[in-house]
Amino acid sequence: MGKLVKQSSGPTDKPEQTDSIWLFREHTIGRDPRCNSVLSCGNVSRFHARISWSGNHWTIKDLGSKNGTFINGRKQQPGEMHQIYAGDKIIFGDRQQEYLLVQDLEPMSCLITSGDDGAETLIPLVNLLPLPSEKSPLCTIFSTIENRFTMEDESGAVTILEHGMIFRTGKTLFEVVFAKGGNEIKPTSQLESNLMEPIPIHLDIAVAPDEESAEVTLQIGNTSHTLQPKVHLYLLAHLARIRASQTVEKFDSQKHILEDGNGWVDCNVICDDLLINREHLAQQVFRVRQDFKKCDPVVAERIIDRRLRGKVRIGFPANSFNIRTMF
């Protein structure tokens with residue numbers, strides 16, 4: 001990531017929003033509120049300069065500003081592109097406010113954390129990212145089909161991530177940084193290949209005779225994926241049984257009707273059924289999703305639903321799965 005840090009501060013019309021700037025791939029700096037970073041000083045032009053990632057380095061261009069853009073004390077000609085590197089000092093019109101380029105790495109969408117020593121760690125944003133760790137997945141980051149990153153906490157509450165957002169999970173503080181200034185990642189999914197004709201999905205869930213593990217075969221259209229027997233897949237089998245038990249078969253003179261139950265069950269009930277605690281349940285939910293991520297990212301997001309008030313369910317209706325005992 002590219003990062004500017006303000007080195008000095010003199011009298012200004014208004015205090016700046018931040019002393020550090022994480023750079024987007026195309027980053028405009030000026031007084032106009034439409035700029036990516038707004039500097040309120042009167043010596044800064046409305047659209048002062050643009051910093052861009054060229055593919056292997058950062059460049060800066062003065063956009064015809066009144067008071068000029070300076071790199072290491074040298075004024076740049078308006079409209080000319082200049083390479084900048086970590087350690088360069090940049091002034092945007094106001095000589096009392098100097099910015100140091102402290103990082104010149106390729107931009108990426110990520111979460112940023114700081115250790116006790118102040119050292120920053122960058123965690124790339126990917127679909128199905130557990131926080132603060134896989135061993136303790138208190139929250140999970142998803143990249144959804146709406147091109148947004150969202151965060152789901154253990155209670156089921158969903159938050160849309162925005163650039164610059166700061167949040168705490170456990171004892172760790174995270175800052176959200178997006179490479180393009182928006183929430184831009186879209187997962188590729190076979191389910192989305194033809195939105196006009198939804199692709200059928202089916203789950204074959206085979207439970208081990210000892211009721212300690214399960215194997216799952218996922219069928220998406222003509223493509224089949226088999227997940228080998230694992231203990232955490234037994235959770236999926238248990239949730240499937242609950243949803244199936246709530247499904248009612250009705251008959252009339254015209255047709256057979258299958259009314260699907262909603263399948264929601266309290267997390268504490270699940271823990272009692274499976275003799276696990278809430279932390280272990282969170283780990284199993286994440287591992288189920290992680291296994292399905294290898295097959296399809298959208299299925300991974302939908303395979304287990306959460307909602308407020310601490311309830312979960314299998315995310316597909318009873319007519320999309322069958323449950324049997326493994327032989």
- Query: Per residue, what accessible area does the chain have, given a 1.4 Å probe and all protein chains present, in Å²?
  - Reply: 51
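Based on the alpha-carbon gyration tensor of segment 1-119 and its eigenvalue square roots a ≥ b ≥ c, which shape applies: rounded if a/c is under 1.5, prolate if not and a/b is larger than b/c, or oblate?
Values: a/c = 1.60, a/b = 1.22, b/c = 1.31.
Taking the square roots of the gyration eigenvalues as a ≥ b ≥ c, segment 1-119 is oblate.
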- So how tilted is helix 233-245 from the main axis of the chain? Cα-based, degrees 0 to 90, rounded to 10. 60
- Note on the structure: Counting all Cα-Cα pairs in segment 51-136, those more than 14 Å apart amount in percent to 71
- Built amide H within the under 5 Å cut-off of Ile84, gap 5+: Trp58, Thr59, Ile60
- Ordering 153-160, 30-37, 314-321, 234-241 by per-residue average of other C-beta atoms within 10 angstrom, highest first, gives 234-241, 314-321, 30-37, 153-160
- Query: Which whole-Hz couplings ³J(HN,Hα) result when phi for each residue of segment 69-79 is put into the Karplus expression 6.51 cos²θ - 1.76 cosθ + 1.60, θ = phi - 60°, listed in order with x for Gly and Pro?
  - Reply: 10, 10, 10, 6, x, 9, 6, 9, 6, x, x
- Note on the structure: The pairs in Lys3/Lys294; Lys3/Lys135; Lys230/Lys294; Lys3/Lys75; Lys6/Lys180; Lys6/Lys171 lying past 24 Å Cα-Cα in this model are Lys3/Lys294; Lys3/Lys135; Lys6/Lys171
- Query: What is the log10 of I(q)/I(0) for the chain, computed with the Debye formula using one identical point scatterer on each Cα and no solvent, at q = 0.08, 0.15 Å⁻¹?
  - Reply: -0.52, -1.14
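Gain in length, Arg307 to Met108, computed as 0.36 nm per residue apart minus the alpha-carbon separation, to one decimal in nm?
Details: separation 199, 0.36 × 199 = 71.64 nm, distance 3.05 nm.
Difference between extended and current length: 68.6 nm.
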- Message: With angles folded into 0 to 90 degrees, how steeply does helix 278-293 sit against the dominant principal axis of the chain? Use alpha carbons for both and round to 10.
- Response: 80
- Quantify, in whole percent, the carbon and sulfur part of the accessible surface of the chain (1.4 Å probe; protein heavy atoms only). 49
- J(HN,Hα) series, segment 61-68, from Karplus relation 6.51 cos²θ - 1.76 cosθ + 1.60, nearest Hz, glycine and proline x: 9, 6, 9, x, 5, 6, 9, x
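By per-residue mean of other Cβ atoms within 10 Å, what is the highest-first order of 267-278, 200-211? If you can, show how the numbers build up before the last one.
Working: 267-278: 13.8, 200-211: 15.8.
Per-residue mean Cβ counts within 10 Å order the peptides as 200-211, 267-278.
I'd like the Kirkwood hydrodynamic radius of segment 199-238, using the inverse of the mean 1/r over distinct C-alpha pairs, in Å.
Numbers: mean 1/r = 0.0973 Å⁻¹.
Evaluated on segment 199-238, it is 10.3 Å.
The values are calculated or read from the model by the stated rules, or taken from the named source; none is laboratory data. All figures in this text were calculated on a predicted structure; none of them were measured in a lab. Note that we place each Cβ from the backbone using ideal geometry, even for glycine, and neighbour counts take in every protein chain shown. For the accessible areas, the whole protein counts, side chains as well, though only heavy atoms, and no ligand, DNA or RNA atoms are used. Shrake-Rupley method; radii C 1.70, N 1.55, O 1.52, S 1.80 Å.
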